[in-house]
Amino acid sequence: MRTYLVFQDLPVHVEYKVSDMPLIPEGTLICFKMDLRHPREPKRIRKVDGTYKVVKRRLIYSLEKPSAQGLTQYLELNLTKDSM
């Protein structure tokens, strides 16, 4: 399903679209080591390195735009204390 990640520790709220993922429950720990490009400003790169916990999952079902029809999950992630 379409998935967007929101990293709570980054200074600006940006929703990063990633490849399709299965339904991820709240409380899940995910290890990241990657560079993220800002969707509107590709020259802005943020390094994401560490273990993040899914603190909130929002599921939205849309029928409006054909390209966005269906279920989408938004995962809000917090960096765990072990990674700091």
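The values are calculated or read from the model by the stated rules, or taken from the named source; none is laboratory data. Quantities reported herein were computed from a predicted structural model and do not represent experimental measurements. Methodologically, a virtual Cβ is constructed for each residue, glycine included, from the backbone with ideal geometry; neighbour enumeration extends over all protein chains shown.
Annotations for the structure displayed:
- Top-ranked residue of region 50-61 - restricted to ones that are touching a Ser or Thr at 6+ places or on another chain (Cβ under 8 Å) and surrounded by 12 or more Cβ atoms within 10 Å (Cβ to Cβ), ranked as farthest from residue 82 (Cα to Cα): 60
- Single condition residue 42 does not satisfy, out of (1) touching a Ser or Thr at 6+ places or on another chain (Cβ under 8 Å); (2) at pLDDT below 95; (3) not hydrophobic (A, V, I, L, M, F, W, C): (1)
- Contact annotation: residue pairs with Cβ atoms under 7 Å, 6 or more positions apart or on different chains, pairing a residue in region 2-22 that is in contact (Cβ under 8 Å) with a residue 40 or more places away in the chain with a partner that is exposed (fewer than 10 other Cβ atoms within 10 Å of the Cβ) and of a type outside the set (A, V, I, L, M), are 2/20; 3/20; 6/13.
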